[in-house]
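Notes follow the structure.
What follows draws every value from the coordinates through simple rules; no lab data is involved. The structure presented is a predicted model; accordingly, all values stated were derived computationally and were not measured. Here the Cβ positions follow ideal geometry from the backbone for every residue, glycine too, while neighbour counts run over all protein chains shown.
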Amino acid sequence: MTAQETKLFNAYETTLTATVGATGLDFTVNSVTAPVAVTVTAPFFLVINPDSSTNREVVLITSVVSKTLTCDNIDKRYLD
């Protein structure tokens, strides 16, 4: 499968500002506000590297504090 840009209307794009290890549960981002000034609230899915067909990772985020997104359980990382 060829990697392709994701075009979703119910999503926003941000950048991770710190490295996350394979067992890390906290994700620091540069923004938690969508382009239409809607503040993101948990629960929601974080998709890391969404345009990659081989390196995409889906994480269930269970809380947001400032610019830190938290997954409360390692079983909620690497979702199908």
| query | Tell me, in nm to one decimal, what length is gained between TYR12 and SER52 on full extension, where the rule is 0.36 nm per residue of separation less the Cα-Cα distance? | reply | 12.7 nm
| note | Taking a crude spin-label model, label points 7 Å out from Cα along the C-beta direction, the VAL65 to THR41 distance in nm is 1.9
| request: Please list, in chain and number order, the residues 5+ apart from ALA42 or on another chain whose amide H is under 5 Å from its amide H, with Hs placed from the backbone. | output: VAL64
| Using θ = phi - 60° and the Karplus curve 6.51 cos²θ - 1.76 cosθ + 1.60, what whole-Hz ³J(HN,Hα) does each residue of the stretch 13-26 get, with Gly and Pro shown as x? | 10, 9, 10, 5, 9, 8, 6, 10, x, 4, 10, x, 10, 10
